[in-house]
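Novice: To start, I am sharing the structure in question, which I have written as structure tokens.
Bear in mind that the values in this text are calculations on the coordinates, not laboratory data. Every value quoted in this text rests on a predicted model; they were computed, and no experiment measured them. All Cβ positions, glycine included, derive from the backbone under ideal geometry; neighbour counts span all protein chains shown.
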């Protein structure tokens, strides 16, 4: 059986795409590594941007201006206008399907200001916004009887003459290789900030598997050097303390009790200011004590619970020890204005894609907006494409190739522990390829990544079973991380300027010559980087 649309990933982007395609009577299958309620969308706490003007003056024009400014001049004005103009409609749609937004005294959707915004624009549901949106989308998908296939890990895409016709998965439950044919495929697999293992707000699953698979299949990646660091991760765990805490009036302090930065500047500026303080030996703290217990429990209750659970402190009475950590991947699979990649029939949306709206620095509150607005657009575009195509069955040869890939890992010697290498590289990336980058150090990290790539055949697994072999999945993910790490580092080395989240020591200025997107392709097994201005 060939589906009209195969959606890989069941977070907010994938579910939005599925619901829109289902509205068009498309035959849709959503396949995911885990379950929707465990997706990274749940971690988006602060809010979803829309110029409603419910709390102070605001306009779509202001939203566009703020997004363009944050992007650092390398985003598409056309795509930003589309995103921001659609925002009120997207929020209205979410409200119509039951998302329980917080309310003002006159029962309008409540809004708060997030970093980089010129006003109170982020619509929120306490500090559980992403979670409540995700659960509502999933409820609607179940009501619509959308087909799901959980616990299937993406291994490969089937591409014939630069046209995708399906994908290959590893069934986590029993170890079988599963091929699924489809007229079109939507990647909605999330970001790759787990490359900074141990220094990220994301889960260990955010290893960029969709980007790595698409890259090896021939898709272009773009802007992979731009990784956004969130200023307030709990020290020691990286657990996200939402920007909503600073939006409500939380202050960033150093060991001396000094307030050293405007907390609501764009995230790249705040993170760099924090990094400079850290290099001076300062401990950093978020202070929300002055907000009071009643306000905290009413408006940002999750932040208190997270602090109590993961740090053993009560922020009503104590300072929160924080550090900036990797949070959001601005780069990803290059897509056009219809969310189509450079491979025919392959679409991408959400954090796994570069839809040219974030540029060098994402505006807080725009990620949830993107997965809803562009998720729905991806569903439309993929079905429009699929309607004119005849199904092509996935060849048994590609299934056999992937079976051989799995068997090779299972048979490999286990003389090098990839878990320790993952930890080592995560720390190396954070210190030497993170908030402030230096060419010599970037090249040292690249050498370390390439050395690990060369030793992959010595990184076997201990578990050789077929049922729920997470050891095997994590080993494949490590390989994907290495693939994307090389692309990130080549892109970062070649962009000899500072722009947004990419800050190069020795090249502190933004240069007109680099007012372009970086484009990465795989040619003859090697990563090639060019800079192109193919957006408008």
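Novice: Quick check on segment 400-532: what does the Kirkwood estimate of hydrodynamic radius come out to from the alpha carbon pairs, in Å?
Specialist: So the Kirkwood estimate lands at 16.5 Å.
Novice: Write down the percent of antiparallel bridges among all DSSP beta bridges whose residues are both part of the chain, to the nearest 5.
Specialist: That works out to approximately 70 percent antiparallel.
Novice: Test of understanding: what is the full-extension gain from residue 464 to residue 411, defined as 0.36 nm times their sequence separation minus their Cα-Cα distance?
Specialist: Stretched out fully, the residue 464 to residue 411 stretch lengthens by 18.2 nm.
Novice: Give the peptides 282-289, 201-208, 156-163 in descending order of average Cβ contacts within 10 Å, highest first.
Specialist: Top of the packing list down: 201-208, 282-289, 156-163.
Novice: Give me the mean projected area, in nm² to one decimal, of the convex hull enclosing the Cα positions of segment 230-327.
Specialist: 5.5
Novice: Here's another thing I want to ask about it. Mind ranking 301-311, 5-15, 212-222 by how tightly packed they are, going by the mean number of other C-beta atoms within 10 angstrom, highest first?
Specialist: With the highest mean Cβ count within 10 Å placed first, the list reads 5-15, 212-222, 301-311.
Novice: So, one more: Can you give the percent of C-alpha pairs in segment 1-144 whose distance is more than 17 Å?
Specialist: 64
Novice: If Rh is defined by the Kirkwood formula over all Cα pairs and Rg also comes from Cα, what ratio Rg/Rh do you get for segment 171-293?
Specialist: Answer for segment 171-293: 1.11.
Novice: Using the eigenvalues of the Cα gyration tensor, what equivalent ellipsoid semi-axes result for segment 314-468 when each is taken as the square root of five times the eigenvalue, whole Å, largest first?
Specialist: 32, 30, 17
Novice: Given 20 °C and 1.002 mPa s, compute D for segment 307-391 with the Stokes-Einstein relation, Rh being the Kirkwood radius over Cα pairs; round to the nearest whole µm²/s.
Specialist: Result for D is 139 µm²/s.
Novice: Report relative contact order for segment 400-532 in percent, whole number only (criteria: Cα-Cα under 8 Å, sequence separation at least 6).
Specialist: 24
Novice: In addition: Mind grabbing the base-10 log of I(q)/I(0) for the chain at q = 0.12 Å⁻¹? Debye formula, identical points on the C-alpha positions, no solvent, two decimal places.
Specialist: Rounded to two decimals, the profile gives -1.13.
Novice: Scattering from the C-alpha atoms of segment 353-436 alone, worked out with Debye: what is log10 I(q)/I(0) at q = 0.20 1/Å?
Specialist: -0.95
Novice: Run the helix sum for the chain: -39,500 (n - 2.57) per DSSP H stretch of 4+ residues, divided by residue count, reported at 222 nm to the nearest 500 deg cm²/dmol.
Specialist: After summing the helix terms and dividing by residue count, I get -11500 deg cm²/dmol.
Novice: Under 10 °C and 1.306 mPa s, how fast does segment 107-230 diffuse according to Stokes-Einstein, given a Kirkwood radius computed over C-alpha pairs? Answer in µm²/s, whole number.
Specialist: Rounded to a whole number, D works out at 89 µm²/s.
Novice: When ranked by the protection proxy of mean other Cβ atoms within 10 Å per residue, highest first, what sequence do the peptides 384-394, 233-243 form?
Specialist: 233-243, 384-394
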